[in-house]
Amino acid sequence: MRIDILCLFPEMLASPFDYSIVKRARERGLVEVVVHNIRDYSHDKHHIVDDYPYGGGPGMVLKPEPIFEATESIKERVDYSDLPIILLTPQGRLFTQQVARELALHQNIMLICGHYEGVDERVREHLVSDEVSIGDYVLSAGELAAMVVVDAVVRLIPGALGSPLSFHSDSHSNGLLEYPQYTRPKVYRGWTVPSVLLSGNHGEIARWRWQQAILRTLKRRPDLAKQGNLSAEE
Ligand code: ADE
């Protein structure tokens, strides 16, 4: 997979992909993350990428030309057949595990990080194929949202996780929150690990975990349970 990120502050993205699972996936050649500075595609000598909004009002708006030219230039260099171009914006559809799974199926994705009061509407209308928000709050830098999206997508690429099964139990992977986890020591400050986990009975352990995941989801995120994710038995 190749992920191209268009942004105004590439320095912000210099290190987040150099750690942990994303780093390993890059080293294994499973994903390439390429960061582009939108300013490199502005033609004036001050590399201006924003301007005042027509009609007045506060703040600045990202101009369309550098964004269109950046994506066109990348598309000329890389063979992009099914490329989704995704604008990161609080106005987008909510980024969930389901959306991450959808994006992980693509060979290439392009992420555009918004800034300031937003981007010229023509970018939305004539360039991007999708708009994604990582939550109902406003960030000052779309780069932060790009980090979140890249991380959640890359760990779903086959081979990215150490164990091929480890994402099956992740919270949200099956519509439920993950069950409680414990590790050594068996007793810490008098608090003990549930005895079923020490029993060695794999059937019992699986059943306990499944029950815990259901209880936890009902208690913490009844909205998820309500979405029809639970079977009659659950
Ligand atoms: N840019 C600013 N806020 C954002 C959000 N919530 N999600 C994605 N991009 C953003």
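The values are calculated or read from the model by the stated rules, or taken from the named source; none is laboratory data. For clarity, every value in this text was computed on a predicted model and none was experimentally measured. Cβ sites come from the backbone with ideal geometry, for glycine too, and all protein chains shown count toward neighbours.
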- Task: Say whether the condition of being out of contact with any helix residue (DSSP H, G or I) (no Cβ under 6 Å at 6 or more places or on another chain), among the polar types (S, T, N, Q), outside the structural domain of His36 (by TED's automatic domain parsing) and assigned to a helix (DSSP H, G or I) is met by at least one residue in the range 182-201.
- Result: yes
- Which residue out of His168, His202, His126 is over 23 Å from the mean Cα position of the chain (by Cα), within 30 Å of His106 (Cβ to Cβ) and not acidic (Asp, Glu)? His126
- Note on the structure: Taking the range 139-166 and keeping only residues that are within 16 Å of the ligand (Cβ to nearest atom), in contact with a helix residue (DSSP H, G or I) (Cβ under 9 Å, 6 or more places away or on another chain) and among the small types (Gly, Ala, Ser), one is left with Ala141, Ala146, Ala152
- Item | Lone unmet requirement of (1) part of a loop (DSSP other than H, G, I, E, B); (2) within 25 Å of Ile86 (Cα to Cα); (3) of a type outside the set (Asp, Glu) for Val149 | (1)
- Task: Tell me which residues, restricted to the range 116-138, are small (Gly, Ala, Ser), near the ligand (Cβ under 10 Å from one of its atoms) and surrounded by fewer than 17 Cβ atoms within 10 Å (Cβ to Cβ).
- Result: Gly135
- Item | Of all residues in the range 91-115 being more than 10 Å from the ligand (Cβ to nearest atom) and assigned to a loop (DSSP other than H, G, I, E, B), the one that is farthest from Ile134 (Cα to Cα) | Gln107
- Message: Within the range 45-64, does at least one residue satisfy the condition of being more than 17 Å from Gly142 (Cβ to Cβ) and part of a helix (DSSP H, G or I)?
- Response: no
